[in-house]
1. Being part of a helix (DSSP H, G or I) and in contact (Cβ under 8 Å) with a residue 24 or more places away in the chain, is that true of even one residue in segment 32-46?
2. Looking at segment 16-31, is at least one residue touching a helix residue (DSSP H, G or I) at 6+ places or on another chain (Cβ under 8 Å), closer than 21 Å to residue 86 by Cβ and outside any helix (DSSP H, G or I)?
3. Only residues in segment 68-91 that are under 15 Å from residue 58 (Cα atoms) count as the first member; pair them with residues that are hydroxyl-bearing (Ser, Thr, Tyr) and assigned to a helix (DSSP H, G or I), Cβ under 7 angstrom, at least 6 apart or cross-chain, and list the lot.
4. State whether one or more residues within segment 41-50 are farther than 21 Å from residue 89 by Cβ, surrounded by 11 or more Cβ atoms within 10 Å (Cβ to Cβ) and modelled with pLDDT of 90 or more.
5. For segment 47-86, enumerate the residues that are in a helix (DSSP H, G or I) and acidic (Asp, Glu).
Amino acid sequence: MNPAATTPKDAVLTRLNRIEGQVRGIKKMIDNSRPCVDILRQMAATESALRSVAKLIITEHMDSCFEEAMKDSETRKIFFAELLESFGRFG
């Protein structure tokens, strides 16, 4: 985790800024006719970074919403449905 990122939101934004730079780098690689294998390697790294951000967001959602979700059965059902959907997409 970045020491400058003091909140979960800061950590997510820091990582997204880094990912944005990776995407710009991929575009430059394509403009400069870099080998496909190099481009694909960078794309895989970017995809991995995005999944890492998704895990941070899911973790924050669990931390911030779990206690509230346990207060009643309907909210609990919605909470767990959201988690299952998130795990299905990013797990």
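The values are calculated or read from the model by the stated rules, or taken from the named source; none is laboratory data. Source: prediction; values computed, not measured. Using ideal geometry, Cβ is built from the backbone for each residue, glycine included, and neighbour counts are taken over all protein chains shown.
1. yes
2. So far as segment 16-31 goes, no, none of its residues is touching a helix residue (DSSP H, G or I) at 6+ places or on another chain (Cβ under 8 Å), closer than 21 Å to residue 86 by Cβ and outside any helix (DSSP H, G or I).
3. Short answer, once both residue conditions are applied: 69/75.
4. Yes, segment 41-50 has at least one match.
5. Hits for segment 47-86 are 47, 60, 63, 67, 68, 74, 82, 85.
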